[in-house]
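The values are calculated or read from the model by the stated rules, or taken from the named source; none is laboratory data. Please read all numbers here as calculations on a predicted model, not as lab measurements. Note that each Cβ is placed from the backbone with ideal geometry, even for glycine, and that neighbours are counted across all protein chains shown. The area values use the complete protein model at the heavy-atom level, side chains included, leaving out ligands, DNA and RNA. Shrake-Rupley method; radii C 1.70, N 1.55, O 1.52, S 1.80 Å.
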Amino acid sequence: MKKLISFLFLSAFVISFGQIYKPMDTADYAQRKDFLRNFATNNENLIKKSKTDYSGKRGNELSKIYKEFEKDFEKKVKEKDFVFNSVFDAKVTSLIERLRKNNPQIPQNLKILIAKDNTPNAYCFADGTFVINMGLFNWLNNDDQLAAVISHELGHKISEHTLKVFLNIIDQDQMDRVVVQTIKSNKENRNQRAFDVLKNRIYRKGAENRKQEMQADSLGYVVFKNSDFKKAEFINTLKRLEDFDTISPRELKVETYKKYFNLPKQEFKDKWLKKEDFSLYNYNNFKEKLDKDSLKSHPEITLRINHLKKLFPELKTEAADEKASESYAALEKIARMETLPNFYHSEDYGVGIYVSLQFLQDNEEEKYYKSWLGKCFTKIYEARKNYNLNRYLDRVDPKNQSESYQQFLNFMWNLSLDEIKNIAEYYQMTES
């Protein structure tokens, strides 16, 4: 029966992709309303518990944090940052159930949300709301790797890291107030002493976060290895995540620009590709006051991998990635097709154009990605016309961007308002 269901699911998937893919429907008002009602109830119970467990200032401040968080999260849900009853929910639920079989410490009250976010990430809130970004399905290679990420987040949840972070913030605020009063009472070296307070606080916060990530790795792996997943995939997952870059460094060829922007009523112009000369810029001609390594909340992946191998010798044996199951491959394809709708939803119109061109360069779903070129260029035109293009399109930053992305940004900023309008209208017309 399971094989039959899997076959029917995959058949429906193949049939749907034989036509133009339609983005996932977010017209889920009833589900969102129901979720928010339950979330508010659970959050209120969390607030009551915090006041019981932590008396006085700590309990009151913790309650304020939970109330502010509820307001912010409610806004994100109403803005459709999450999809409900999606095809991804069943997969995540099944993986959690597989993890739970030999791990009774996993909470029973987990609530799953799928976020319209292309970054491969997941997180778990204090009330048990478990958020999985759609980008995980697109970036990871199989069920085991997705289960590894879920296990890591369960490690955070089991250790109540979120609660500990909030309590540390509250306690640190109290300590800093005392220090600030001392600084005010003595004018000597006031600025330097104030900066030292800030620096020490940031460093302590970074160190604590890195410590929690290591703990979540260790606890997560224990959960993972107690289940029926391939142990080596836990390390393979970390290696896969290490390779992630929000903006793909994959080269966009000049021929691609000429192919998609040489239009019937607007010929391609070589001057659009002219690059600004940054060769005389010296980006290292300053001394940073803060050590960047101390500000990283997540330790370097290599350190995390070495730490796990030291604790768990069986992880020293490496293995190739497992082949994806049919059901995972189907979800991976859907997540890939949702990449542009997700960029559009988050108003990343510039990146959306860049990624659309990469997909078109690879000859993927040409009509679909041309339509997204039209949608994104229309938004870029409106932004340029309203003098707020910086909000949606990056400026060139040679120190932190690939050559290909710098070329793309030069191209976009070289286009005139009318040229952007012509491109938008052409691809909008092509779509219709």
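Report yes if L113 is farther than 24 Å from N226 by Cβ, surrounded by 20 or more Cβ atoms within 10 Å (Cβ to Cβ) and under 20 Å from the mean Cα position of the chain (by Cα), otherwise no. Spell out the reasoning first.
Numbers: farther than 24 Å from N226 by Cβ: yes; surrounded by 20 or more Cβ atoms within 10 Å (Cβ to Cβ): yes; under 20 Å from the mean Cα position of the chain (by Cα): yes.
In short, yes.
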Qualifying residue in the range 405-412 (condition: part of a loop (DSSP other than H, G, I, E, B) and touching a helix residue (DSSP H, G or I) at 6+ places or on another chain (Cβ under 9 Å)): no
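Can you confirm whether E332 is closer than 30 Å to K231 by Cβ, open to solvent by 40 Å² or more (accessible area, probe 1.4 Å), outside the structural domain of Y221 (by the TED database) and in contact with a Ser or Thr (Cβ under 7 Å, 6 or more places away or on another chain)? Even if it seems obvious, please write down each step before you answer.
Numbers: closer than 30 Å to K231 by Cβ: yes; open to solvent by 40 Å² or more (accessible area, probe 1.4 Å): yes; outside the structural domain of Y221 (by the TED database): yes; in contact with a Ser or Thr (Cβ under 7 Å, 6 or more places away or on another chain): no.
No: the conditions fail for E332.
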Any chance N103 is touching a residue at least 40 places away in the same chain (Cβ under 8 Å), over 19 Å from the mean Cα position of the chain (by Cα) and either closer than 22 Å to K225 by Cα or assigned to a helix (DSSP H, G or I) (or both): yes
Checking N141 against (1) polar (S, T, N, Q); (2) part of a loop (DSSP other than H, G, I, E, B); (3) more than 22 Å from S218 (Cβ to Cβ); (4) open to solvent by 50 Å² or more (accessible area, probe 1.4 Å), the condition it does not meet: (4)
Members of the range 60-89 that are open to solvent by less than 60 Å² (accessible area, probe 1.4 Å) and closer than 17 Å to T41 by Cα: L62, S63, I65, Y66, F69, E70, F73, V77
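Could you list all residues from the range 20-40 that are part of a helix (DSSP H, G or I), open to solvent by 60 Å² or more (accessible area, probe 1.4 Å) and in contact (Cβ under 8 Å) with a residue 40 or more places away in the chain? Lay out the reasoning, then the answer.
Here is the first cut: in the range 20-40, the ones part of a helix (DSSP H, G or I) are 29-40.
Narrowing the set further to residues that are open to solvent by 60 Å² or more (accessible area, probe 1.4 Å) leaves 29-31, 33-34, 37-38.
Hits for the range 20-40 are Q31, N38.
Are any of the residues in the range 413-431 open to solvent by less than 50 Å² (accessible area, probe 1.4 Å), aromatic (F, W, Y) and outside any loop (DSSP other than H, G, I, E, B)?
Applying the first criterion (open to solvent by less than 50 Å² (accessible area, probe 1.4 Å)) to the range 413-431 yields 415-416, 419-420, 423-424, 427.
Okay, now just the ones that are also aromatic (F, W, Y), so 427.
Checking which are outside any loop (DSSP other than H, G, I, E, B) leaves us with 427.
Yes; the residues of the range 413-431 include at least one that is open to solvent by less than 50 Å² (accessible area, probe 1.4 Å), aromatic (F, W, Y) and outside any loop (DSSP other than H, G, I, E, B).
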